[in-house]
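A short worksheet on the structure shown next.
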Amino acid sequence: MQDLDRDSVTAEALAQIARTPDPRLREIMMAATRHLHEFAREVNLKPDEWLAGIAFLTAVGQACTPFRQEFILLSDVLGLSRLVNVMHDAEGREAAGTETSLLGPFFREKAPEFAPGESIAVHDTQGTEVVIFGQVTDSTGQPVPGAEIDVWQTNAEGLYDLQARDATVMDMRGRFRADDQGRFHLRTVKPIGYSIPMDGPVGQMVHRQNRHGMRPAHIHVLVAAPGYRDLVTALYFGDDPNIGSDTVFGVSQSLVIQEAMGLPDSPRPDLPGIRYDFCLSRQGSGNDSGRVGADPSRLMPAAE
Ligand code: BEZ
Ligand code: FE
């Protein structure tokens, strides 16, 4: 038996973890352990600091509910969600495919279905009404008929339905079906930029880091069709003052939009319009899901 010191403990831990039969789990756990040990050595981590870290992670877990995912939020504000998305995109997105963005913690499955042209602003109707329209195509420009377009956003006060009202009511979200030419159009009200939830441990951390905690105004979009990777993305309003400093690093130039009057082919020329065409990438082999995130209710431990 060997007395383990600040370096040999890493080798010993890795030797034990190396018994993990699943090769991918082994790879991930060994790398995570190596980097965690290196991190502790780099900052010369003290016991009280390590306990503060454990208390923080405990609080993050305790803040999670079927409607709130504090761990996704932590991953988002550390830039880890963006990093994982970018790497995933690089492997499975075709060159012409629309760029992805964060799913965020407010996605909900089974949002209400709407007919083309209807508005998702059913309960909270204040704000500037806009029409969003475009076409869903594949990377060769061929239409994707019948694609499902799921959109969700904050109301004109910067609140998601889960924050603005009780969780039984869905608002400012809905699912639309593209026509046989892949075309879609829907109405909504222009969202405003908003603060990520600051009333939990992640918000406290962001506050201590002297960051503003804001996201620029955006509309989330998930486009799905059989044979294609789910496209999880968001459209960001270019006139938002925080367009260049998103707290969760979700903005890409190609996703920046601005509403305007007089757009050619607008189905509602009386309203400010946004035209955006979504380009889907073909599904690769195996379990190549483009979905990068989850409804918070899916991440709760199974009831005993
Ligand atoms: C959102 O866009 O809804 C969001 C994304 C990441 C963290 C917080 C909110
Ligand atoms: Fe959002």
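Close Cβ contacts (under 8 Å, 6 or more residues apart or on different chains) running from residues in region 53-76 that are among the acidic types (Asp, Glu) to residues that are within 16 Å of ligand 1 (Cβ to nearest atom) and in a helix (DSSP H, G or I) comprise Glu70/Val60; Glu70/Pro201; Glu70/Val202; Asp76/Arg82. Annotation: of all residues in region 209-230 being away from ligand 1 (no atom under 16 Å from the Cβ) and part of a strand (DSSP E or B), the one that is nearest to Leu103 (Cα to Cα) is Val223. Only one of the numbered conditions (1) assigned to a helix (DSSP H, G or I); (2) more than 16 Å from ligand 2 (Cβ to nearest atom); (3) under 22 Å from Arg215 (Cα atoms); (4) out of contact with any helix residue (DSSP H, G or I) (no Cβ under 8 Å at 6 or more places or on another chain) is not met by Asn85, and that is (2).
Hey, could you check region 181-228 for residues that are surrounded by fewer than 18 Cβ atoms within 10 Å (Cβ to Cβ) and of a type in the set (S, T, N, Q) and say which is nearest to Glu118 (Cα to Cα)? Of everything passing the filter in region 181-228, Gln181 is nearest to Glu118 (Cα to Cα). Within region 212-236, restricting attention to residues that are without any contact (Cβ under 8 Å) to a residue 60 or more places away in the chain and away from ligand 2 (no atom under 12 Å from the Cβ), the residue that is nearest to the chain's Cα centre (by Cα) is Gly213.
For region 135-156, the condition holds for at least one residue, the condition being that it is within 16 Å of ligand 2 (Cβ to nearest atom), within 24 Å of Gly227 (Cα to Cα), in the same structural domain as Val206 (by TED's automatic domain parsing) and in contact with a His (Cβ under 7 Å, 6 or more places away or on another chain). For Gly193, are the conditions met, namely being within 12 Å of ligand 1 (Cβ to nearest atom) and on the phi > 0 side of the Ramachandran plot? So Gly193 does not fit the description; no.
The values are calculated or read from the model by the stated rules, or taken from the named source; none is laboratory data. Bear in mind that the values here come from a model prediction, so they are computed numbers and not experimental data. Using ideal geometry, Cβ is built from the backbone for each residue, glycine included, and neighbour counts are taken over all protein chains shown.
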